[in-house]
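Taken together, the values in this text are just the output of simple stated rules run on the coordinates, not laboratory data. All values derive from a computational prediction rather than experimental measurement. When we count neighbours, we look across all protein chains shown, and the Cβ atoms used for this are built from the backbone with ideal geometry, even at glycine.
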Amino acid sequence: MAAVAGSGGNFHAHSKYFVDFPFCYVILQLNVATMFKNHLKVALRNMWGKKLFSFINIFGLATGMACSLLIFVFVRDEISYDRFNKDANNIYRVVRNLINEDGSAVPDAKTPPALAMAMQREIPNVTCATRLFANPDWGQTFLFKCEDKKFNEEKIFFVDSDFFNVFTLPFIKGNRHDAFKDANSIVITENIAKKYFGKTNPIGKTLIAEQFPKDLTVTGVLKNIPSNSHFHFDFAIPLHNSFLGGIKILTGGLMNFIPT
């Protein structure tokens, strides 16, 4: 049989072999199938003859594969945190060190409210800064009402208007530019919209919170916060809203509990 050179040589060689010796080619394929079948039978006989040894090997292999898969899934989830943000590589959280009497340092993410404005003014590389203030009384619930629906809520954030410019949180209704034009605006998640308004468009609708002197107007609906986010909230309210659970927000720098 002549050698076949050039690109795709093996394919052409097999094709020529099949054309010249079709019967031999079929016999060759049958022999391969028979050989595989015989090897499988031998393997099964060995496994059956050495049950304990086979069980230990198979169980060990299965356990190793399962553990490897779980570790892979866990690591993948861990390194995916906050990666949904468009500029994830350029987003930083400001942290300060609290120095104890013994000189040890304790990292803390709470900063003076004026820091964000000062950083934008003094550091050229800071193009945008935002602050957020989680539920103020560390577990306090807020009673929200809409017509006959009443629920106690905990996942409430008070944030700057630039919050939606820093973090990539897609709007289902409304947009990030008009979300906080008014101090009594409120942005809610998709789940909360369904919870209070059902299938009705919530934009422009009113939510009443007992701790607030004025009703809150829904100006935006976000997709639910991804599970691989380091923060989760259901309600976002402008940081310059007059009251925070009955306590006035002082954005000038008198409160040291605002992450930046």
Original post:
Residue separation times 0.36 nm, minus the C-alpha to C-alpha distance between Lys195 and Asn46: what's the value?
Top reply: 47.5 nm
**OP:** State which entries of Lys150/Lys214; Lys110/Lys194; Lys150/Lys205; Lys86/Lys155; Lys155/Lys194; Lys150/Lys223 exceed 27 angstrom in Cα-Cα distance in the structure shown.
**Re:** Lys110/Lys194
Original post:
For the pair Asn165 and Leu61, how long in nm is the line joining their label points, each one 7 Å along Cα→Cβ?
Top reply: 5.9
Original post:
What is the sum of charges around Gly204, taking Lys and Arg as +1, Asp and Glu as -1, for the other residues whose C-beta is under 14 Å from the C-beta of Gly204?
Top reply: 0
Original post:
Along the Cα-to-Cβ line of Lys223, 7 Å from the Cα, sits a label point; which residues in region 57-92 have backbone N less than 17 Å from it?
Top reply: 80-88
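What is the calculated FRET efficiency for His232 to Ala118, with r their C-beta to C-beta distance and R₀ = 30 Å, to the nearest 0.05? Show your work: numbers first, answer last.
Details: r = 28 Å, r/R0 = 0.95.
That pair, His232 with Ala118, gives E of 0.60.
For the pair Ala183 and Ile99, what calculated FRET efficiency results from E = 1/(1 + (r/R0)^6), where r is the Cβ-Cβ distance and R0 = 41 Å, to the nearest 0.05?
On the way: r = 37 Å, r/R0 = 0.90.
Calculated value: 0.65.
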